[in-house]
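Comments concern the structure below.
The values are calculated or read from the model by the stated rules, or taken from the named source; none is laboratory data. Everything numeric here is computed off the predicted structure, so don't read it as measured data. Cβ coordinates were reconstructed from backbone atoms using ideal geometry, including for glycine residues, and neighbour counts include every protein chain displayed.
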């Protein structure tokens, strides 16, 4: 007899609590140069593949403007800020997680930035998966997407 069990993808508890106050203090101390999301990931997860897919910006003297870093628990972080006056784009891939936990993580990360811009969750046809400035103008926008194999948070900051 062959027995086959199908187990649906369940949340793996990988989303670590974000210490917003500490990250904000470190960000200010770094003269606003520290990468908040990357710092949080490095403080809470082991790096399994340091920077790769490095992009250099020819317009800015071949300075590094994009890269990817892999972390334990199948977490992947990608950063891109290539081109003059281009927005900062970040993408964090986590294993499957509950939307409520992803939203909490986004809010905690956003709280680490010393900004006066109020962000809110925008409802859409898929629920409430986009977080951005209340006035829908310049600032940082966070979008959550999910599949059976992962949860993705994409960040776009600019004017």
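Which condition number in (1) under 24 Å from residue 141 (Cα atoms); (2) at pLDDT 95 or above; (3) out of contact with any strand residue (DSSP E or B) (no Cβ under 7 Å at 6 or more places or on another chain) is the one that residue 32 fails?
(2)
Every residue in region 57-87 that is at pLDDT 95 or above and surrounded by fewer than 14 Cβ atoms within 10 Å (Cβ to Cβ), please.
Matches in region 57-87: 72 only.
Among the residues in region 37-55, are any over 18 Å from the mean Cα position of the chain (by Cα), modelled with pLDDT of 95 or more and surrounded by 11 or more Cβ atoms within 10 Å (Cβ to Cβ)?
yes
When region 112-156 is examined, which residues are found to be surrounded by 17 or more Cβ atoms within 10 Å (Cβ to Cβ), outside any loop (DSSP other than H, G, I, E, B) and in contact (Cβ under 8 Å) with a residue 60 or more places away in the chain?
Selection gives 153, 155.
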